[in-house]
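Novice: Let me begin by handing over the structure; questions about it come next.
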């Protein structure tokens with residue numbers, strides 16, 4: 001059906017299905033976790049949980065490449081996860097990768113194999129996005145309070161720090177230190193002595209010092225720890241009678257003395273300390289001791305929630321129409337003073353053109369339209385930096401800014417889409433070859449930008465966009481192009497641009 005601008009278009013927001021069962025997979029640097037939850041109204045109730053101790057971070061060599069044995073161990077764990085996830089709709093499952101997959105040079109190669117095994121896409125999230133999700137998982141496991149909370153999560157490859165109030169994080173940071181990486185660096189072969197412990201604690205304190213002033217300025221009334229390292233420290237203290245609950249500064253000093261007395265992690269035997277935590281215990285102890293020292297802490301409580309629970313809550317928002325990505329886009333629109341009237345014009349036309357090309361609105365189509373809508377709303381934010389080549393500035397912002405809710409892959413995809421809105425398309429050939437659907441969305445956005453180049457509300461002609469072989473054909477209402485020569489010239493130039501990426505494009509007036 002042609003696009004008729006006199007008719008009111010459908011609303012931009014995608015309507016998604018609601019699911020009664022959700023699953024989150026956390027590919028951590030130490031352990032892989034699978035959490036399955038049942039959705040009742042606006043609550044998530046645990047159904048199932050699986051943990052696999054993979055030690056992905058231990059497989060990083062000096063060249064920052066994952067070794068083959070570690071990859072095989074990880075893929076074996078994912079095969080077991082795949083059995084539990086079999087039959088679940090793609091939209092009800094979210095798989096996220098953390099620090100090791102952020103830094104591994106051969107991460108793309110591993111991720112391709114991992115996605116084939118588990119059967120779902122894997123999103124590698126940034127450190128601050130990981131912090132946001134951790135905070136969500138933690139606060140949903142605790143009573144809400146109007147006082148600022150400090151949340152600390154020592155992972156296998158990174159440590160996240162968040163201060164928030166109620167459900168809202170206020171300050172977030174991710175430091176490149178974790179129980180796996182610190183143990184490998186300072187306690188090789190499990191040996192523990194005063195020199196190594198001091199070096200590990202000093203190095204961790206140097207890292208924490210970079211965030212102290214900002215966190216102390218915000219302030220907190222309660223400190224909370226989450227995840228495996230914190231849990232193992234607390235369990236050892238409580239079982240040994242050193243602390244009643246949680247983690248204490250005195251308990252950390254006692255654990256340090258016990259570790260030094262043992263001299264070797266394999267000789268350390270404490271009530272409550274599980275054998276599976278021994279290989280990374282020293283690194284976690286050093287990091288937590290440094291955090292207590294630099295932040296002036298005396299005790300921390302322990303939370304049940306962690307990253308995987310945060311992913312579940314975030315997924316609940318996505319499928320129940322409270323997508324945090326929508327909030328992020330709205331914030332960017334305001335922050336960069338985007339021309340919302342122009343964005344609405346461009347977005348409305350771009351979406352209508354997409355619906356002509358893809359009239360069947362399955363879940364994949366709904367997601368595509370959602371990203372096209374976001375790209376339309378954000379496509380000019382780079383103008384605040386410079387009008388010239390604003391699309392390049394926009395693409396850079398979207399690729400590199402902290403965008404809560406978006407994975408690194410999603411940011412890259414959105415960045416490529418706005419980069420393709422104007423200028424030479426030859427720069428997009430590799431991206432289009434990797435993902436042909438990106439070319440379809442880019443065409444719709446480019447055409448919308450061309451038709452509204454005047455930045456005025458126009459009475460557009462009827463437009464009919466269709467696929468023709470390996471390319472596209474646009475039919476424009478008779479006589480309109482003759483009165484709008486700038487648009488006519490731009491459409492003529494599009495033919496050569498699309499030819500440069502191996503796709504045909506032609507625009508004709510209806511006879």
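The values are calculated or read from the model by the stated rules, or taken from the named source; none is laboratory data. Small disclaimer: the values here were computed from a predicted structure and weren't measured. All Cβ positions, glycine included, derive from the backbone under ideal geometry; neighbour counts span all protein chains shown.
Novice: Pick from the range 199-249 the residues that are on the phi < 0 side of the Ramachandran plot, part of a loop (DSSP other than H, G, I, E, B) and free of Cβ contacts under 8 Å to residues at least 60 places away in the same chain: which of them is surrounded by the fewest Cβ atoms within 10 Å (Cβ to Cβ)?
Specialist: 244
Novice: Among what's in the range 160-180 and is out of contact with any strand residue (DSSP E or B) (no Cβ under 8 Å at 6 or more places or on another chain) and in contact (Cβ under 8 Å) with a residue 60 or more places away in the chain, pick the residue that is surrounded by the most Cβ atoms within 10 Å (Cβ to Cβ). Can you show your working first?
Specialist: First pass over the range 160-180, keeping only residues out of contact with any strand residue (DSSP E or B) (no Cβ under 8 Å at 6 or more places or on another chain): 166-168, 176, 180.
Retained after the next criterion (residues that are in contact (Cβ under 8 Å) with a residue 60 or more places away in the chain): 176, 180.
On the way: 176: 13, 180: 27.
Ranking the qualifying residues of the range 160-180, first place goes to 180.
Novice: Please tell me if residue 137 is within 19 Å of the chain's Cα centre (by Cα) and either in the same structural domain as residue 64 (by TED's automatic domain parsing) or surrounded by 18 or more Cβ atoms within 10 Å (Cβ to Cβ) (or both). I'd like the intermediate steps shown before the answer.
Specialist: On the way: within 19 Å of the chain's Cα centre (by Cα): yes; either in the same structural domain as residue 64 (by TED's automatic domain parsing) or surrounded by 18 or more Cβ atoms within 10 Å (Cβ to Cβ) (or both): yes.
Yes.
Novice: Further question on the same structure: Do you know which of the residues in the range 368-389 that are part of a helix (DSSP H, G or I) and over 25 Å from the mean Cα position of the chain (by Cα) is surrounded by the most Cβ atoms within 10 Å (Cβ to Cβ)?
Specialist: Looking at residues that are part of a helix (DSSP H, G or I) and over 25 Å from the mean Cα position of the chain (by Cα), I get 383.
Novice: I'd like the residue in the range 128-159 that is in contact with a strand residue (DSSP E or B) (Cβ under 6 Å, 6 or more places away or on another chain) and part of a loop (DSSP other than H, G, I, E, B) and, out of all such residues, is nearest to residue 208 (Cα to Cα).
Specialist: Top of the filtered list is 158.
Novice: Given the range 403-511, what helices (runs of 4 or more DSSP H) lie entirely inside it while holding 3 or more residues that are in contact (Cβ under 8 Å) with a residue 12 or more places away in the chain and buried (at least 18 other Cβ atoms within 10 Å of the Cβ)? Walk me through it before giving the result.
Specialist: Values: elements: 408-419, 429-434, 436-451, 480-483, 485-499.
The helices (runs of 4 or more DSSP H) meeting that bar are 408-419, 436-451, 485-499.
Novice: Scan the range 261-276 for residues that are surrounded by 15 or more Cβ atoms within 10 Å (Cβ to Cβ), under 17 Å from residue 186 (Cβ atoms) and in contact with a helix residue (DSSP H, G or I) (Cβ under 6 Å, 6 or more places away or on another chain) and jot them down.
Specialist: The answer is 265, 268.
Novice: Take the conditions more than 21 Å from residue 456 (Cα to Cα) and in a helix (DSSP H, G or I) and apply them to residue 349. Does it pass? Step through it out loud before you land on a result.
Specialist: On the way: more than 21 Å from residue 456 (Cα to Cα): no; in a helix (DSSP H, G or I): yes.
No.
Novice: Go through the range 135-159 and report how many residues are more than 21 Å from residue 288 (Cα to Cα) and in contact (Cβ under 8 Å) with a residue 60 or more places away in the chain.
Specialist: At the first step, the residues of the range 135-159 found to be more than 21 Å from residue 288 (Cα to Cα) are 136, 140-147.
Subsequent filtering for residues that are in contact (Cβ under 8 Å) with a residue 60 or more places away in the chain retains 136, 140-142, 145, 147.
The qualifying residues number 6.
Novice: Just need a number here: residues in the range 88-116 that are touching a residue at least 40 places away in the same chain (Cβ under 8 Å) and more than 23 Å from residue 47 (Cα to Cα).
Specialist: Within the range 88-116, the first condition is being touching a residue at least 40 places away in the same chain (Cβ under 8 Å), and the residues that meet it are 88-107, 110, 113-114.
Next, from what is left, pick out any that are more than 23 Å from residue 47 (Cα to Cα): 98-107, 110, 113-114.
Looking only at that region, the number is 13.
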